[in-house]
Every structure is written in structure tokens, then in C-alpha cells.
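What follows is calculated from the coordinates using simple rules that are stated; it is not laboratory data. Please read all numbers here as calculations on a predicted model, not as lab measurements. In this analysis, Cβ positions are derived from the backbone assuming ideal geometry, glycine residues included, and neighbour counts consider all displayed protein chains.
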Amino acid sequence: MNQLFYTPKIENGLALLDEEESRHLVSVLRKKPGDLLDITDGKGKFYVGELSECGKKHALARILTSIDETRERPFRIHIAMAPTKNMDRFEWFLEKATELGVDEITPVLCKRSERETARHDRMEKILVSAMKQSLRGTLPKLNALTPFRDVVKNTSEAQRFIPWCGEEGLPHLKNCIQRDSDVIILIGPEGDFTPDEAALAIQNGFRGVSLGSTRLRTETAGIYALMAAIL
């Protein structure tokens, strides 16, 4: 598989590619009817399709074969993280987390957040691009920017962790995760969570943990936490 195309519109044995994918097919790759494409629906399934129609507005491929993506682990990993003031750094996190196999991402609005807006369409585009580049078949679920209180009160994951710097002697995250049930990890803004936020999380079943003695940037902490859960 050299290049992967994405479309959620696969039904009745046909895959309909949107304008952006179609323009890339025609203008960059010079594809033509009869060529074969590797396609994913973003839901864990890969397809081989034969291009039947190819224009700059849309393309249509006839599905020839399909295969389910091999599940890497028996649990889901959800990272809920405050967007950084410099959005490029948060977008870097989105890209790398997708490449590594995160299942769900929630941008979180905290009391000390340095950014209170985030374009959902742009974030989604970054996730799609990273999924295709890494040849994955599952697009992470991307939630809207959500207030901290709503995240901690409405989560459904059995394992809940909040790394923060306000308490000494906390156990390291990597020593707390049990790799048999879904996990959510909260990552705070540059100024960390407030004591009230940490207390609210703990009241709602979150466990305080450490990511080590090194002070990490928000996006680095997000990737570190994800890798601790994966490995």
C-alpha cells in the first residue's frame, strides 16, 4: 500500500471520493478509470477499489475487496487536552497522536487555558491527513472544544487519570494503567490544572498521577501519556 485515500461514503459496492481527494487524483497523480486505489472508510476497514469515474469534483470507485484493520489492543485510549496558545503545537500533537493510534481526542477548556477557540474542521483535516500518511484505517474520534467540568463529569472510561504538578509523591502513570479497559488521560494547559479542577476530577473518579520529574510542554505531555498507555 503506497497511498491511502479516505472516504466515509462507501455503500452498495461503491466508494465516492470528495472534491479534495478527486482533485488530487486527477491533477497530481494523473489517475484514470481502471486504476486501482487503496481506500479506507476511517472506521477500521481497508478497500481496494477500481476507479470508474474521475473528475475534479468527485471520483467513484468500484469496491473489489475489503479487509478489517487488525486491532492493536483490547482497549481504547482517549486524550483530553487543553489546546496550546500556539495552535501549531496542538496541531503537531493531533498529527503525532493519530500516527501512534489514539482512539479519541477532546480539546478541553480549562481555567488557565491560553486558547479558548479551536477550528474543528481544521483539526479534523489534520487527523485525516495523519491517518492516511501512516496507512491507518481508523480515524480518531474528535470531540468539540469542551469545558473541563463537562469532560470529567461525563466520561465513560473505566480508567481515569489526571497528571498534575500540584501534589508530590504521585505514582507514575505508566505504573497505574491496566491494559484491559478503556483509558482517559487529562492533559492540562501550560499553567497546569488549578487545585479546584484537580479536586473535581478526583471527585469524579480520576486518579492523580505523575509523568515524571521533567517539566513537559503540553503537547509533549500528551504524547508521553499516550505512549505510556500504549506501551
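Using just the C-alpha positions of the chain as equal point scatterers, what log10 of I(q)/I(0) does the Debye formula give at each q in 0.11, 0.13, 0.14, 0.15 1/Å?
-0.61, -0.78, -0.87, -0.95
Contact order normalised by length for segment 77-230, with contacts defined as Cα pairs under 8 Å and 6 or more residues apart; what percent is it?
On the way: 268 pairs, mean separation 49.7, N = 154.
After rounding, I find 32 percent.
Of the peptides 210-222, 180-192, how do they stack up when ordered by the mean number of other Cβ atoms within 10 Å, highest first?
Per-residue mean Cβ counts within 10 Å order the peptides as 180-192, 210-222.
Considering only DSSP beta bridges with both partners in the chain, what is the antiparallel share in %, to the nearest 5? If you can, show how the numbers build up before the last one.
On the way: 21 of 44 bridges.
The antiparallel fraction comes to roughly 50 percent.
Calculate the FRET efficiency for Leu135 and Ile230 from the Cβ-Cβ distance with a Förster distance of 22 Å, rounded to the nearest 0.05.
Values: r = 17 Å, r/R0 = 0.79.
That gives a FRET efficiency of 0.80.
With equal scatterers on the alpha carbons only and no solvent term, can you work out the Debye log10 of I(q)/I(0) for segment 4-68 at 0.13, 0.21, 0.25 1/Å?
Scattering profile of segment 4-68, log10 relative to I(0): -0.27, -0.72, -1.03.
Quick one: which residues, 5 or more positions from Lys111 or on another chain, have an amide H under 5 Å from its amide H? H modelled 1.01 Å from N in the peptide plane, none for Pro or chain starts.
Counting only residues 5 or more places away or on other chains, the set is Thr194.
For segment 139-203 and segment 22-43, what is the separation of their Cα centres, given in Å?
40 Å
Can you work out D for segment 98-231 in µm² s⁻¹ from Stokes-Einstein, where Rh is the Kirkwood radius over C-alpha pairs, the temperature is 10 °C and the viscosity is 1.306 mPa s?
Translational diffusion coefficient: 102 µm²/s.
Would you mind computing, in nm to one decimal, how far apart the modelled labels at Thr65 and Met87 are, each placed 7 Å from Cα along Cα→Cβ?
4.2 nm
Just list whichever of Lys96/Lys125; Lys43/Lys153; Lys85/Lys132; Lys45/Lys153; Lys111/Lys132; Lys45/Lys141 have alpha carbons separated by over 24 Å in the model shown.
Lys43/Lys153; Lys85/Lys132; Lys45/Lys153; Lys111/Lys132
Output the peptides 163-176, 139-152, 86-99 sorted from most to least packed, where packing is the average of other Cβ atoms within 10 Å over each peptide's residues.
Result, highest mean Cβ count within 10 Å first: 86-99, 139-152, 163-176.
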